[in-house]
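Notes to accompany the following structure.
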Amino acid sequence: MLTRRDLGLVLAGAGSATAAHGQTPLAQAPFPDRPVRLLVGFPPGGTVDTIARIIAPPISARLGQPLVIENRGGAAGVLAVEATARAAPDGHTIILASAGALAVIPHMQSNMPYDVFRDIAPVSRVVSTPQLLVVGRHVAAQSVQDLVRLARERPGRLTFGSTGSGSTLHLAGELFRMRAGIDILHVPYRGGAPAVTAMLAGEIDMLLVDIPVVMAHVQSGAFRALALAAERRIGVLPEVPTIAEAGVPGVVAEGWYAAYAPAGTPAPRIATLNRAIAEGLALEETQRALANLGGVVQASSPEDLTAFLRAEHAKWGEVVRASGATMN
């Protein structure tokens, strides 16, 4: 009968023999050894899908395996996060998750199918797309201060649109309302395109919205860009101040996206994924393509991503409670 010491010697010898014959021990098996799935919680053609298709090739090149995009649309990204949480924790499934599914919806839905701090493992922040405060040309305001003044002169009469009650755009408008101390009326629509169409028709007065959705209308003069709901200005709109610069502090509402893996994914594999993402995002051509969308690259360590999510989770929880926002 083998003693514990004898068994240890046998296993050590087996490992040495394997290495001597040019084979890699199981614990050091190459990773990844097959394509990696990148889940996207929205249909093809949207902002998240576009970002995924920009970053996939450079990350694939660094992993040495294809990064295969799989669109799992539904429930504002919740279904894709759930699928990630249930996937095998081997590093071959990751998600480009959105702010809504991680930091907003958990405050509005009691029966969430996952816990963002328990069921998924942080890999890296990827990119943020600051929201832009725009008004229709029928609105006289030339600045944020003008808009705040108009709202105070006409309480409850100025309107802001969104992509639906409880959406990130709705809550961005609520955050602006709270920080500015004004009374403005929320008008929900079933998506960004209907909201933009409504403002073109003069049905609503303002939007806090992703830059790509309204850039053409800003350039044509149909909409007036007043400020960015961001911490700093961005290169694609260098002349547009932040809302804080314009006199209303505390309004940071970014459509941010981060990479997560299933909880329990081994730390060395998380580190490999993190390194591939950071190196892919560091490329000039990747940054240029994301900047054209109004995106700001934000690669990070897993630890920094966790701290960031905790802060965002707390911030949007406060807004949800104060506004009484609910999901449609």
Do the conditions hold for Leu67, that is, is it aliphatic (A, V, I, L, M), closer than 22 Å to Arg275 by Cβ and in contact with a Ser or Thr (Cβ under 6 Å, 6 or more places away or on another chain)? yes
Please work out which residue is nearest to the chain's Cα centre (by Cα), limiting yourself to region 290-328 and to residues that are over 27 Å from Pro238 (Cβ atoms), hydroxyl-bearing (Ser, Thr, Tyr) and part of a loop (DSSP other than H, G, I, E, B). Ser301
Mind counting the residues in region 136-161 that are under 20 Å from Gly250 (Cα atoms) and either among the aromatic types (Phe, Trp, Tyr) or not in a loop (DSSP other than H, G, I, E, B) (or both)? 9
Pairs only if they're at least six apart or on different chains, beta carbon under 6 angstrom, first in region 215-226 and closer than 13 Å to Leu132 by Cα, second outside any helix (DSSP H, G or I) and not small (Gly, Ala, Ser); list them, first residue then second. His217/Phe223; Phe223/Val134; Arg224/Val135; Ala225/Leu132; Ala225/Val134; Ala225/Val240; Leu226/Leu133
Quick one: would you say Pro241 is over 30 Å from Leu147 (Cα atoms) and modelled with pLDDT of 95 or more? no
Arg62 fails exactly one of the following numbered conditions: (1) without any contact (Cβ under 8 Å) to a residue 40 or more places away in the chain; (2) not in a loop (DSSP other than H, G, I, E, B). What is the number of that condition? (1)
Just to be sure before I move on: is Val240 out of contact with any helix residue (DSSP H, G or I) (no Cβ under 8 Å at 6 or more places or on another chain), outside the structural domain of Glu82 (by TED's automatic domain parsing), of a type in the set (A, V, I, L, M) and not in a strand (DSSP E or B) in the structure I sent? yes
Taking the residues in region 222-233 that are closer than 11 Å to Gly136 by Cβ and not basic (Lys, Arg) as candidates, determine which candidate is farthest from the chain's Cα centre (by Cα). Ala222
The condition from (1) farther than 30 Å from Ser301 by Cα; (2) surrounded by 19 or more Cβ atoms within 10 Å (Cβ to Cβ); (3) in the same structural domain as Leu147 (by TED's automatic domain parsing) that Gly221 misses is numbered (2)
Scan of region 51-76 for residues that are surrounded by fewer than 20 Cβ atoms within 10 Å (Cβ to Cβ), under 26 Å from Pro113 (Cα atoms) and touching a Leu at 6+ places or on another chain (Cβ under 7 Å), ordered by number: Val68, Ile69, Glu70
Under the condition of being assigned to a helix (DSSP H, G or I) and touching a residue at least 40 places away in the same chain (Cβ under 8 Å), which residue from region 183-212 is farthest from Leu150 (Cα to Cα)? Pro212
Using the structure shown, decide if Leu133 is farther than 28 Å from Ile204 by Cα, among the aliphatic types (A, V, I, L, M) and crowded, with 21+ Cβ neighbours inside 10 Å. no
Which pairs have Cβ atoms under 8 Å, sit 6 or more apart or on different chains, and link a residue in region 92-109 that is in contact (Cβ under 8 Å) with a residue 24 or more places away in the chain and buried (at least 24 other Cβ atoms within 10 Å of the Cβ) to one that is among the aromatic types (Phe, Trp, Tyr) and part of a helix (DSSP H, G or I)? Ala103/Trp316; Val104/Trp316
Looking at region 45-58, can you tell me whether even one residue there is touching a residue at least 40 places away in the same chain (Cβ under 8 Å), farther than 23 Å from Ala299 by Cβ and not aromatic (Phe, Trp, Tyr)? no
Among Leu39, Leu79, which is the only one that is outside any loop (DSSP other than H, G, I, E, B) and surrounded by fewer than 18 Cβ atoms within 10 Å (Cβ to Cβ)? Leu79
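Being closer than 26 Å to Ala76 by Cα and of a type outside the set (D, E, K, R) narrows it down to one residue among Val187, Val218; which is it?
Val187
Table: residues versus (1) out of contact with any Phe, Trp or Tyr (no Cβ under 8 Å at 6 or more places or on another chain); (2) within 19 Å of Leu67 (Cα to Cα); (3) at pLDDT below 95.
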| residue | (1), (2), (3) |
| --- | --- |
| Ala246 | yes, no, no |
| Ile270 | yes, yes, no |
| Arg275 | yes, yes, no |
| Thr286 | yes, yes, no |
| Ala314 | yes, no, no |
| Arg321 | yes, no, yes |
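The values are calculated or read from the model by the stated rules, or taken from the named source; none is laboratory data. Just so you know, these numbers come straight off a predicted model, no measurement behind them. As a convention, Cβ positions derive from the backbone with ideal geometry for all residues, glycine included, and neighbour counts pool all protein chains shown.
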